[in-house]
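Participant: There's a structure below that I have some questions on.
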Amino acid sequence: SGKRTAVIGCGASGLAAIKVCLEDGMEPICFEKNHDIGGLWRFEESKKNGATVYRSTHVNTSKEMMSYSDFPQPKEFPNYMHNSYVLKYYRMYAERFGLLKHIQFHTEVLSCDYAEDYSQTGNWELKVKNTKTGEERSEIFNAVMVAVGHHAVPNFPVSDFPGSDKFKGSITHSTDYRDFKGYEDKNVVVVGMGNSGADIAIELSWHCDKVFLSTRKGSWVFSRVSHCGYPLDWGFITRYHVLRNSILPESYTRGELETALNSRIDHANYGIKPDHGPLNQHPLITDALPDRILNGAVTMKPNLQRFKENSVVFVDGTEEKVDVVVFATGYVFSFPFLKDSLINVSRCTSSDVYKGMWPLSQKHNTLALIGHVQALATVNPLAEMQSRWATRIFRGLLCGHSISFCTITSINLEMTIYIKIDHRLIFQVEHIPYMDFLATQIGCKPNLLRLFFTDFPLAKKMFYEFCTGYQYRLVGPGKWAGAREAIMTQRERMLYPLKCLPQNQQSKKGGVFSYLFVAAIAVLVYYFISNF
């Protein structure tokens, strides 16, 4: 208790880290080089303050899955929120838990290095700079939580394509994109078929003469709107799905998912079917792209091959006259304030950073990476759970040596799924197994089998509905009295902004005993798989 802890960054992950530190009786001091909270989700016209969402950005995760575990989103908020709602939620969270007074704005961390007594104490020395006055100073901390996110440095591979220096048009990266203004009536190529690339191509297609979306390997396209018009994660990121996928052969579940995705758009006919499975890459979630392709507003193209003065040539030999090329090619991890001896980003693998959090090169587990994993769900609940585990390690409530001396070949099993596809996604995780692992370390993993017999309505919701962070506040350290109510009402909050006219709700009858039998078998199988 009382450990002086540096939190670097006050975006979604940094806010969670500050709150958890306060919750556990630690002394957090957050350093933020910009003027406000929100990180990536704080839209700004200026391009001086790093990566930001573009003006029209909406989240691809529903509001319930995006909620911190003890602070549900307001029922009035839309399920897929505009970035302004996201920032409003972060402000509400910061004000509710008194986080702002622990943040030093306009303060950049120049270096984070071992203190002179590190070998004995595990302390760190941070050198920071006030970006307004230029004043520099050094401070000593007992622990450090790095929460700068993974959208810091653009991956901008222009040099990979010959002729770019002779191209007379404009070449830019999606990190500089704000809106369609300035692109009107132009021919634009968007390179990269991730979520940003697709969103930008869709928006520009309403204002440009021609829009080409270039992809190197294709992508599986998921719809935001799922069964019964519910958000995608409602029936997808569930404990039922985890159990089902663990029982059935991977080849069957992959084929089943591919069939479902192809029933909406045949990926082969659209020329975008990748070689890998639907879950072997961060998914492209969009409803509008197939429509814009069918309308001819967006034209799919293979990877770029080279530039000419007024045109670009693709690998299939086709050539198109273009005015602007936008590289939506993602970002690379960057920790410029950390020594390469601690974590070398260019050579880093998942076996160098335990569970995407703990650099194994450190002697003492007093520095943790928070929010640098990616999952189908958003980072908010993941970063919060990571912070809860980290503070228990920092406070000596858990044995840190279990991290340093673990068997390297056996760790990060759930993280290996994405490594072969893209080295930049080495910290990709499966949401529920990863959250359950963290909860086990913390001591807050709910016992679903016990709940099945003691609180069946709650167990049913936890098993069949999306796995929200509230589940990890039911028991153990950090238990929240409102957790059960938050779970029982999450469907109502989801549906609240959708309803217009009053509807007569017919209660479903029949099949009760059949349902109970199937649910009982499912829970029992899940219990034995999880515990044996």
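Participant: At 1.4 Å probe size, with every protein chain present, just tell me what the per residue accessible area of the chain comes to in Å².
Facilitator: 45
Participant: Also, quick follow-up: Report, for the chain, the % of DSSP beta bridges that are antiparallel, rounded to 5.
Facilitator: Approximately 45 percent, going by the DSSP bridge assignments.
Participant: Report the far tail of the P(r) of the chain, meaning the percent of Cα-Cα pairs longer than 30 Å.
Facilitator: Working: 74056 of 141246 pairs.
Value for the chain (Cα pairs over 30 Å): 52 percent.
Participant: Could you please report the charge total around GLU256, scoring K, R as +1 and D, E as -1 over all other residues with beta-carbon less than 13 angstrom from its beta-carbon?
Facilitator: Here the charged neighbours net out to 0.
Participant: Can you check what the net charge comes to around GLN386, using other residues whose Cβ is under 13 Å from the Cβ of GLN386 (Lys, Arg +1; Asp, Glu -1)?
Facilitator: +3
Participant: To the nearest 20 debye, what charge dipole does the chain have about its Cα centre, counting +1 at the Cβ of each Lys and Arg and -1 at the Cβ of each Asp and Glu?
Facilitator: 1000
Participant: Of GLY2, LEU498, LEU126, which is farthest on the positive side of the dipole of the chain, counting Cα position, with +1 on Lys and Arg Cβ, -1 on Asp and Glu Cβ, and the Cα centre as origin?
Facilitator: My answer, from the dipole projection, is LEU498.
Participant: All other residues with a Cβ under 12 Å from the Cβ of LYS301 taken together, and with Lys, Arg as +1 and Asp, Glu as -1, what is their net charge?
Facilitator: Working: positive: LYS210, ARG216; negative: ASP316, GLU319, GLU320.
Residues close to LYS301 contribute a combined charge of -1.
Participant: If the cut-off is a Cα-Cα distance under 18 Å, which lysines reach LYS47, setting aside same-chain residues fewer than 8 apart in sequence?
Facilitator: LYS33, LYS132, LYS181
Participant: Next question, about the same structure. Using +1 at the Cβ of each Lys and Arg and -1 at the Cβ of each Asp and Glu in the stretch 43-86, identify which of ASN79, SER62, ASN49 lies farthest towards the dipole's positive end.
Facilitator: ASN49
Participant: Ignoring ligands, DNA and RNA, what percent of the 1.4 Å accessible area of the chain is carbon and sulfur?
Facilitator: Working: 12600 of 23820 Å².
Carbon-and-sulfur percentage of accessible area, whole number: 53.
Participant: To the nearest 20 debye, what charge dipole does the stretch 39-82 have about its Cα centre, counting +1 at the Cβ of each Lys and Arg and -1 at the Cβ of each Asp and Glu?
Facilitator: Numbers: 6 positive and 5 negative charges, 43 e Å.
The dipole magnitude comes to about 200 debye.
Participant: Please say if the stretch 196-255 is rounded, prolate or oblate, where rounded means a/c under 1.5 for a ≥ b ≥ c the square roots of the C-alpha gyration tensor eigenvalues, and otherwise the choice is prolate for a/b larger than b/c and oblate otherwise?
Facilitator: Verdict is oblate for the stretch 196-255.
Participant: Further, regarding this structure: Pairwise over distinct Cα atoms, reciprocal of the mean inverse distance: report the Kirkwood radius of the stretch 131-235 in Å, one decimal place. Don't jump to the answer; show the numbers that get you there.
Facilitator: Numbers: mean 1/r = 0.0558 Å⁻¹.
Hydrodynamic radius (Kirkwood, Cα pairs) of the stretch 131-235 is 17.9 Å.
Participant: Also, I was wondering about something else. So what is the calculated 222 nm ellipticity per residue for the chain, using -39500 (n - 2.57) for each DSSP H run with n of 4 or more, over all residues, to the nearest 500 deg cm²/dmol?
Facilitator: -8500 deg cm²/dmol
Participant: How are the C-alpha pair distances of the stretch 72-200 spread across 5 Å bins, as whole percents from the shortest bin up?
Facilitator: All Cα pairs, binned at 5 Å, distribute as 2, 7, 10, 12, 12, 13, 13, 13, 10, 6, 2, 1, 0 percent.
Participant: Going through the cross-link list LYS63/LYS445; LYS19/LYS101; LYS19/LYS88, which pairs have a Cα-Cα distance over 19 Å in this structure? Provide the component values of the computation, followed by the final result.
Facilitator: Working: LYS63/LYS445 22 Å; LYS19/LYS101 12 Å; LYS19/LYS88 17 Å.
Listed pairs above 19 Å: LYS63/LYS445.
Participant: Collect residues whose amide H, placed 1.01 Å from N in the peptide plane, falls under 5 Å from the amide H of ARG306; neighbours closer than 5 in sequence don't count.
Facilitator: VAL313
Participant: What whole-number distance in Å separates the alpha-carbon centres of the stretch 257-319 and the stretch 129-206?
Facilitator: Going from one Cα centre to the other spans 22 Å.
Participant: Could you check the simple spin-label distance between ASP287 and ARG491, using points 7 Å along Cα→Cβ, in nm with one decimal?
Facilitator: Placing both labels 7 Å along Cα→Cβ, they lie 2.1 nm apart.
Participant: Now, a different point. Run the numbers on the stretch 15-125 and let me know its relative contact order in percent, using alpha-carbon pairs under 8 Å that are six or more apart. Provide the component values of the computation, followed by the final result.
Facilitator: Working: 118 pairs, mean separation 37.0, N = 111.
Normalised by residue count, the contact order of the stretch 15-125 is 33 percent.
The values are calculated or read from the model by the stated rules, or taken from the named source; none is laboratory data. From a predicted model like this one, the values you see are computed outputs, not experimental measurements. Here Cβ is always computed from backbone atoms with ideal geometry, including for glycine, and neighbour counts include all displayed protein chains. These accessible areas exclude ligands, DNA and RNA; they are computed on the full protein's heavy atoms, side chains included. Shrake-Rupley method; radii C 1.70, N 1.55, O 1.52, S 1.80 Å.
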